[in-house]
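Beneath this line is the structure, given in structure tokens, with notes to follow.
Nothing in this text is a laboratory measurement; each read-out follows from the coordinates by a stated rule. Predicted model, so just to flag it, every value in this text is computed and none were measured. Backbone-built Cβ (ideal geometry, glycine too); neighbour counts: all protein chains shown.
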Amino acid sequence: MIHLLKERSTRNMAESATEKKIVNLDVTSDTEDSDVELATKDVDVKHNWADLYAKPKSCCLTSDIPCLIDWFSTYPEVEDAKTCARYTELFESAYPTYVKYNVKLAEVYQEFARFQKIYDYAEFEDKIKAAQRLQQLHDKYDSDAEFYKLRKEHLTHHLKLEALRRRIEEWNEKQ
């Protein structure tokens, strides 16, 4: 499924970044094996090379989400039991929110998995309809700003909890 989403994002980028070219096929028989030459004519084709080689356009479903906070700097190593207790308290207060985000993302994943399974087991004639439903689902989440926000919050909480967990474990190993 992830492969299909990345493939679609790449295809969208390629379609939006390139313009139509007119290709002229000239068949020459100067040699024995009749080479075919493809001659492309520049018919007002102007490429913005920065766009062609840039990363794919951001989308809510498949784009990488940057995390602007370095949680290991925010929560330095634990030096005393008081700091460890504070980190534990922070972890326990943030964890329920993380679980809530995780459940919502799991529901979306299950929705895609269900449609993917329908597509995989569909008869040849029904594959087009199944692929269209899968595409509609992709488009729904791809354009959903709230879904992108959910993914961003999930990642932020995940990295925060990971930093806190690691700092608490480091302190416990020292004791």
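Where does each of T97, T83, T74 land when they are ranked from fewest to most other beta-carbon atoms within 10 angstrom? All intermediate terms of the calculation are to be shown ahead of the outcome.
Details: T97 13, T83 16, T74 10.
By the 10 Å Cβ count, ascending, the order reads T74, T97, T83.
Count of lysine pairs in region 83-175 with Cα atoms under 16 Å apart, counting only pairs 8 or more residues apart in sequence or on different chains?
10
As an exercise, identify the GluC sites (Glu not before Pro) in region 74-109 lying in DSSP coil whose Cβ has no more than 11 other Cβ atoms within 10 Å. If you can, show how the numbers build up before the last one.
On the way: sites: E77, E79, E89, E92, E107; in loops: E77, E79.
Those that pass, being in a loop and sparsely packed, are E77, E79.
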